[in-house]
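Notes to accompany the following structure.
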Amino acid sequence: MEFVQAPGLPPPAGHYSQAVVTRGGLVYVSGVLPARDLPDSSFEAQCASVFDQCAQILRAAGCGLHDVVQCTAYLACVEHWPAFNAAYAAAFGEHRPARAVVPVPALHYGCLVEVQLVAEQPNG
């Protein structure tokens, strides 16, 4: 297996990798929170930050958002679900991976969204 650290993104603060690639070419992206230094901490800005970081991590693993097979999203309030759907559709376009959205009472650092992905490398 290969451990992935995307250039330009800070390393994880905990004991985990940004992503792990299996010998079979599956890419497991750890839960991604929004950047903590966002000038605009609206839900939409947090979603944009998360999907941008996910894209960077996937690029470092040799794939992209169009290679995602499964997404799990954690929302710190079920009322954000419609806005998440819009941000998700903007990020993925016509690509429709399997997905679970899980409303939770709170996320680390007071964030409003966290996304975890599984992707498949194109030549995996």
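Neighbour counts of other C-beta atoms within 10 Å: give me Ser49, Ser42, Ser17 arranged from fewest to most.
Ser42, Ser17, Ser49
With the Cα gyration tensor of the chain in hand, convert its eigenvalues to equivalent ellipsoid semi-axes via √(5λ) and list them largest first in whole Å.
Whole-Å semi-axes of the equivalent ellipsoid: 23, 17, 12.
Listing His108, His80 from the residue with the fewest other Cβ atoms within 10 Å to the one with the most, what is the order?
On the way: His108 12, His80 20.
The order, fewest Cβ neighbours first, is His108, His80.
What is the fewest-to-most order of Arg23, Arg96, Arg59 by other Cβ atoms lying within 10 Å of their Cβ?
Least to most surrounded, the residues fall as Arg23, Arg96, Arg59.
So between Ala89 and Glu120, what do we pick up on full extension, going 0.36 nm a residue minus the alpha carbon distance?
9.2 nm
To the nearest 20 Debye, how big is the dipole of the chain about its Cα centre, given +1 on the beta carbon of each Lys and Arg and -1 on that of each Asp and Glu?
260
Using square roots of five times the C-alpha gyration tensor eigenvalues, list the equivalent-ellipsoid semi-axes of the stretch 73-124 in whole Å, biggest first.
23, 14, 8
Using alpha carbons only, how many angstrom separate the centre of the stretch 13-46 from the centre of the stretch 59-121?
10
Read-outs: derived from the displayed coordinates by stated rules, not from any lab. Quantities reported herein were computed from a predicted structural model and do not represent experimental measurements. A quick note on method: Cβ atoms are made from the backbone with ideal geometry, for glycine too, and the neighbour counts reach across all protein chains shown.
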